[in-house]
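Each remark here refers to the structure printed beneath this line.
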Amino acid sequence: MRYLKCLSGVAAVAVALTGCGVPSEPVAANLPPQAVQQAAPVKAAPITLVAAAKKVTYAFPVKAKNVSFHKTHSGYPATDIFAACGKPFVATTSGVVLEVSRVDKYKKGMKDGPYNGGKFVSIQGDDGVRYYGSHLSKVTAGIKKGVRVKTGQSLGKVGKTGNASGVCHVHYGISPPCKKAGDWKVRRGVVWPAKYLTSWHKGGKKSPVAAVKAYKKKNGCKA
């Protein structure tokens, strides 16, 4: 019998059970009772599946040679990124589009509100952070709620819609997603972006995740 070529005696039983040899007759019918009693069943090793962590990369949100931004902002933590109108506004990181405004509903003299930003796009990054850019001159075709985007993918163009004071720039805000849509006070920015923008502009990887989590823990979804 073929399995006896692998090992003899009691060992032959274990080998047969693991597939080293395939007997033509039942094992118990050809071995002494004591050998069958001593042979322990062979169990397959458990398989553990480990999901690969998503690799998050960052890009400076405006593609332009001549670009600048402030370290501070009036009234709340955000920044204005200055570049010529028409320069690309891109996804800070990979993620999903949360909100899009393709129509400038702001009217001069309006109080602070959801229309201040004019045309805008917000995304929820794969790092769990919301990134918002407004005052755009246009939103890129195909960018709509629920669409996945990649780091550096075009979302729109620098402009001066909304309450932009006639100056070409992108208002840029970092925040927790909270309601994901409609919570404009949080969406416009609750974490100072300057140190992250400085890193990304130099090709760095500084992440705002910890700062956003700390804000959420302390303030919830209030701004």
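Quick query: amide H of residue 69 versus all other amide H atoms, modeled in the peptide plane; which residues come in under 5 Å with a sequence gap of 5 or more or a different chain?
So residue 69 has HN proximity to 82.
Need one number for the stretch 107-151: average projected area of the convex hull over its C-alpha atoms, nm². Numbers along the way, then the final one.
Working: hull surface 16.3 nm².
Mean orientational projected area (the stretch 107-151, Cα hull): 4.1 nm².
Can you pull the one-decimal nm distance between simple spin-label points at residue 185 and residue 126, each 7 Å off the Cα toward Cβ?
3.4 nm
Which whole-Hz couplings ³J(HN,Hα) result when phi for each residue of the stretch 210-217 is put into the Karplus expression 6.51 cos²θ - 1.76 cosθ + 1.60, θ = phi - 60°, listed in order with x for Gly and Pro?
Values per residue, Gly and Pro as x: 4, 5, 5, 5, 5, 4, 4, 5 Hz.
Amide H of residue 105 versus every other amide H placed in the peptide plane: which residues, excluding those fewer than 5 positions away on the same chain, fall under 5 Å?
Those lying under 5 Å, H to H, from residue 105 are 118.
Using a ≥ b ≥ c from the Cα gyration tensor of the stretch 122-218 (square roots of the eigenvalues), is it rounded, prolate or oblate, where a/c under 1.5 gives rounded and otherwise the larger of a/b and b/c decides, a/b for prolate? Can you show the working numbers first?
On the way: a/c = 1.36, a/b = 1.31, b/c = 1.04.
Rounded, since a/c falls under 1.5.
Run the reach check for residue 105 against lysines, Cα to Cα strictly under 25 Å, same-chain hits fewer than 8 apart removed. What comes back?
Within reach: 87, 119, 138, 144, 145, 157, 160, 179, 180, 185, 222.
When only the heavy atoms of the protein chains count and the probe is 1.4 Å, how do 144, 185, 55 rank by accessible area, highest first?
On the way: 144 125, 185 100, 55 170 Å².
Of 144, 185, 55, the descending order of accessible area is 55, 144, 185.
Once you list every other residue whose beta carbon is under 13 Å from the beta carbon of residue 103, what net charge do they have if Lys and Arg are +1 and Asp and Glu are -1? Show your work: numbers first, answer last.
Details: positive: 102, 105, 107, 119, 138; negative: 99, 104.
Every neighbour counted, the sum reads +3.
If I model a spin label at residue 145 and residue 85 as a point 7 Å from the Cα along the Cα→Cβ vector, what separation in nanometres do I get?
Each label point lies 7 Å from its Cα, and together they span 2.9 nm.
Report the paramagnetic label zone for residue 102: residues of the stretch 117-158 whose backbone N is under 16 Å from a point 7 Å from Cα along the Cα-to-Cβ axis.
Label zone hits: 119-122, 136-148, 155-157.
Can you compute the FRET efficiency between residue 217 and residue 71 using 1/(1 + (r/R0)^6), with r the Cβ-Cβ distance and R0 = 22 Å? Round to the nearest 0.05.
Working: r = 25 Å, r/R0 = 1.11.
My answer for the efficiency is 0.35.
Heavy-atom accessible area of residue 201 with all protein chains present, probe 1.4 Å, nearest 10 Å²?
Roughly 100 Å² of residue 201 is accessible to a 1.4 Å probe.
What are the lysines whose alpha-carbon lies under 16 Å from the alpha-carbon of residue 55, with same-chain residues fewer than 8 places away excluded?
150, 205, 206
The values are calculated or read from the model by the stated rules, or taken from the named source; none is laboratory data. Quick caveat, the model's predicted, so the values are computed rather than measured. Positions of Cβ are backbone-derived with ideal geometry, glycine not excepted, and every protein chain shown enters the neighbour counts. The accessibility values were calculated without ligands, DNA or RNA, using every heavy atom of the protein model including side chains. Shrake-Rupley method; radii C 1.70, N 1.55, O 1.52, S 1.80 Å.
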